[in-house]
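Peer 1: Shown below is the structure under consideration.
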Amino acid sequence: MWFSFWRSKDRFSLDQLRYLADQLTKVQIVNDVNKDFVIEALRSIAELITYGDQHDPSFFEFFMEKQVVGDFVRILKLSRTISIPLQLLQTVSIMIQNLQSEHAIYYMFSNEHMNYLITYSFDFRNDELLSYYISFLRAIGGKLNKNTISLLVKTRNDEVVSFPLYVEAIRFAFHEENMIRAAVRAVTLNVYHVGDDSVNRYITSAPHTDYFSNLVSFFKKQCMDLNRLISETLKNPGPDSNSTITAAVDEIEDNLYYFSDVISAGIPDVERLITDSILTLLIFPVLLPSLRTVAVNDMQSDVVTSLYLLCCILRIVKIKDLANTIVAALYYPLESFTKCSEGQVNGYIPDHGFKSESDGIDNDNLAKNNKKRLVVHVPCSSSFSDFHAQSITMLNNGSSSNASLREVLLKYVTDGDDVQVLGSLSVLATLLRTKELDESMLDGLGILPQRKQQKKLLLQALVGSASGEEQLFSSESSLTRDGIACELDVYLEKIKEQYGVSFQPPNFVSSPRVPRFQVLDALVSLLCRSNISAETLWDGGWLLRQLLPYRQSEFNKHHLKLLKVSYENSACAIEKEVKGFWPDLLITVLCDEWRKCKRAMESSSPPKEPKSMLFPPRKLFSEEDIPEGSSFTAGERMHELVKVFVLLHQLQIFTHGRTLPDQPLIYQPSDHRTNSRAQTSGLVSVPKPGTEMNLGNAVPCRIAFERGKERHFWFLAISVGTSGWLVLAEELPLKKPYGVVRVAAPLAGCNPRIDDKHSKWLHLRIRPSALPFLDPVKYKPHGKLKTKAFVDGRWILAFRDEESCKTAFLMILEEINYLCDEVHRRINPSLKLGTALDISNLSAPISEESSSHTTPRDSL
């Protein structure tokens, strides 16, 4: 019988389907002898049914008439080898995925055949079989709608009492394999988005509600793992640390996006379950207690991880109650969340913050499986009713002497290290951009943008609210104290009643503007700090710009004085860089960073993503940190100083109510100096190898680029505007006094020095012609070069006599001075605040392009 299967037939014909179905009917046992035939028959039937669905309806009519699916189930019961279930699951999955006819899908889902396959006791110790099974579930999930889902559930009195697809799928929701977890989530989302009320009631009834708390418990474990990973990276950073953290962050954000997708299905009870789980399992017992004030130099991975996770939850999981409850919790003293009642509360071990990867993990609440079913250990929790029975209580009722979490965030801004500052700013920026938050809550925090305040008060005035009209035209244009307290009291009471955290409501100050001024004080203080990276300061500048009104009166005199002093100190630092390693690139970097900063400040989102706080910060360099000869380190410092200067300069212009120009205020290039070395040599542009030049001002010398191979050159130092070069040329014997350029190097940063023991030798440092971190192609995020770090070169020039050596030395110093003087002249208006403010107030600023050849030497 088995050999007859291989006789020649038309592969895609009804006769072939009839033949295969007939042969399957005759199978009474499946063993090693006939398993190959059965596998091939199952595979061929899937092809024929898929073909018939698209070309000939009679194929599927025959398939239904002969009840071939029933033969599939019978074959599965007869099989004793793993290959038959594998092929059967693949066959059914292919058919379901490819069938387009609704009639065909209805048939496949009817007669309980699918539910039988879903609940069949497969041996999931075989990874391949598990993979095929999950694909089978996903195929079914992809065909769910309000009509088909009723075929897969069992009901009693119009209520769903059994839903095998959903129940079996969520058993593998926390499998160690990421692809399996993703497939299960796809199935659950298909179920949630069908929108069937009876199914929704089923999934939000006990014990199925445990799935949502288990989701958060699993997410909590991932947060613990991330915290441990960051802690290890801070202590012992490795070459793969950033990639490892990135992978962990991606997985965490994927989980939160899954929460968001679940919530978007619009099932009210699910939204409540997820909100309660996130608050009771993660926010209250872990994240908020971790925001403790510590010494600046301590490596506090707990704080960093908590700030990042708060940002992610607020940004991705868009639930109004969740966002407003988190904001209300920021008014609590830190100690309110650091102690819990004795005994384990909902999987939370007494203490606070991040402890270890096993904290809060309970594996005993898994659904019971068959003996052959794979047991997947999942972090679980007890039901929510159990949690409310033994709720969190405070050992400290939050006296006024204890700082609130909101004040802790501001303390990080003023006194924290670079990472803590960035984390706190990211939280404030995220809250500012969270649309689910009530504006009164933002105003209570002190971060409601002034344009939103004015808009709300204007609306109140237009509808006839006396208080709104009075506030709109008063000096204290803010929401009323009572409005802020009313909204806040609702959520404070909710935290106390629903989550059991007792607390004495905050004693509001007389003026609602005080929280806003506290935030402004912290931001101004931040901008005056010299130990914070420029990128982090840009985030602070962005937040300040969001809060600022369109006039200077929002600032007090102390604010303006601090910002002015900080700007002047930054201008002095830039002035010193004119004599530094990279004056030839200073104007280029200044213009480039000006455009970037202006674009960043005017953006609707902060310059840095919250996850950037998780990566090891780049070191800030002081003058003492720069080893002799390290132009790369000096370039980083120059770049950092320019970014800080640009930010402070633009804030000065903005706070004075002036229009921010598209370019920094820089004088146009001056005319070339007459009788300069560059002109007499004929090198008025970048000297390229092979260029002919006049050697009239050059000095003969010798240099060995390779050991034992000394070469004779003519040396010349030249400067043209803000550029300069060191040139080595070879004399043309037949065309004296002319030569050909062989080597050229940057003049700036060459640091000439006559050898102490050999007065005929001149030492020169040869730095790169460009800064590699300014090239995004060569530079990765988080400060890692794709290529090896640049190392400065060295030239040792040997001259005929001491006089020639000294002549070359003085030539270099003179040309460097010309270059630096030109750079200083051009950037001078940007270094003087009065000039900058006067020019920025022009109604039609003159662009550099339009005036480059028509303006006098000291014009803009």
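The values are calculated or read from the model by the stated rules, or taken from the named source; none is laboratory data. Because the structure is a prediction, the values reported are computed rather than measured. Using ideal geometry, Cβ is built from the backbone for each residue, glycine included, and neighbour counts are taken over all protein chains shown. Note: accessible area is taken over every heavy atom of the protein model, side chains too, but ligands, DNA and RNA are not part of it. Shrake-Rupley method; radii C 1.70, N 1.55, O 1.52, S 1.80 Å.
Peer 1: Once the other residues with Cβ under 14 Å from the Cβ of residue 81 are scored (Lys, Arg +1; Asp, Glu -1), what is the net sum?
Peer 2: With Lys, Arg at +1 and Asp, Glu at -1, the neighbours total -1.
Peer 1: If you take the square roots of the eigenvalues of the alpha-carbon gyration tensor of the range 648-704 and sort them as a ≥ b ≥ c, do you get rounded (a/c under 1.5), prolate (a/b over b/c) or oblate?
Peer 2: On the way: a/c = 4.13, a/b = 3.06, b/c = 1.35.
Since a/c reaches 1.5 and a/b is larger than b/c, the shape of the range 648-704 is classed as prolate.
Peer 1: Say R0 is 60 Å: what FRET efficiency, to the nearest 0.05, do residue 758 and residue 240 get from their beta-carbon distance?
Peer 2: 0.80
Peer 1: Mind ranking 183-189, 77-83, 102-108 by how tightly packed they are, going by the mean number of other C-beta atoms within 10 angstrom, highest first?
Peer 2: Listed from highest to lowest mean packing, they are 183-189, 102-108, 77-83.
Peer 1: Within the range 27-41, which residues have the backbone N less than 13 Å from the label spot 7 Å out from residue 82 along Cα→beta-carbon, could you tell me?
Peer 2: No residue passes the distance filter.
Peer 1: Between residue 403 and residue 740, what length in nm is gained on full extension when 0.36 nm per residue of separation is reduced by their alpha carbon distance?
Peer 2: That pair, residue 403 and residue 740, stretches by 114.1 nm at full extension.
Peer 1: Compute, for residue 753, the solvent-accessible surface of its heavy atoms (probe 1.4 Å) with the complete set of protein chains present, and express it in square angstrom to the nearest 10.
Peer 2: Estimated to the nearest 10 Å², residue 753 gives 110 Å².
Peer 1: Under a plain spin-label model, where a point goes 7 Å from the Cα along Cα-to-Cβ, how far apart in nm are residue 145 and residue 684?
Peer 2: In this crude label model, residue 145 to residue 684 measures out at 7.7 nm.
Peer 1: Here is a further query. With the alpha-carbon atoms as the only input, what is the per residue convex hull volume for the range 228-285 in Å³?
Peer 2: So the per-residue Cα hull volume is 68 Å³.
Peer 1: Moving to a separate point now. Please give, to one decimal in nm, the separation of the simple spin-label points placed at residue 176 and residue 572, each 7 Å out from Cα toward the Cβ.
Peer 2: Placing both labels 7 Å along Cα→Cβ, they lie 6.1 nm apart.
Peer 1: Let me ask something else. Sort 817-826, 568-577 by the packing proxy (mean of other Cβ within 10 Å over each peptide's residues), most packed first.
Peer 2: Details: 817-826: 19.9, 568-577: 16.7.
So the order, starting with the most tightly packed, is 817-826, 568-577.
Peer 1: Could I ask something else about it? Tell me whether the range 32-86 comes out rounded, prolate or oblate; compute the Cα gyration tensor, take square roots of the eigenvalues as a ≥ b ≥ c, and use a/c under 1.5 as the rounded threshold.
Peer 2: Details: a/c = 3.17, a/b = 1.92, b/c = 1.65.
It is prolate, given that a/c is not under 1.5 and a/b is the larger ratio.
Peer 1: Another question, then. Let a ≥ b ≥ c be the square roots of the eigenvalues of the Cα gyration tensor of the range 129-287; is it rounded (a/c under 1.5), or, if not, prolate (a/b larger than b/c) or oblate? Let's see the in-between values first.
Peer 2: Working: a/c = 2.85, a/b = 1.79, b/c = 1.59.
The shape class here is prolate.
Peer 1: Three principal axis extents, largest first, for the C-alpha atoms of the range 707-767, in Å?
Peer 2: Largest first, the range 707-767 extends 37, 36, 20 Å along its Cα principal axes.
Peer 1: Which entries in 608/643; 576/688; 146/220; 688/806 show an alpha-carbon gap greater than 22 Å? Walk me through the numbers on the way to the answer.
Peer 2: Numbers: 608/643 14 Å; 576/688 31 Å; 146/220 34 Å; 688/806 26 Å.
Beyond 22 Å: 576/688; 146/220; 688/806.
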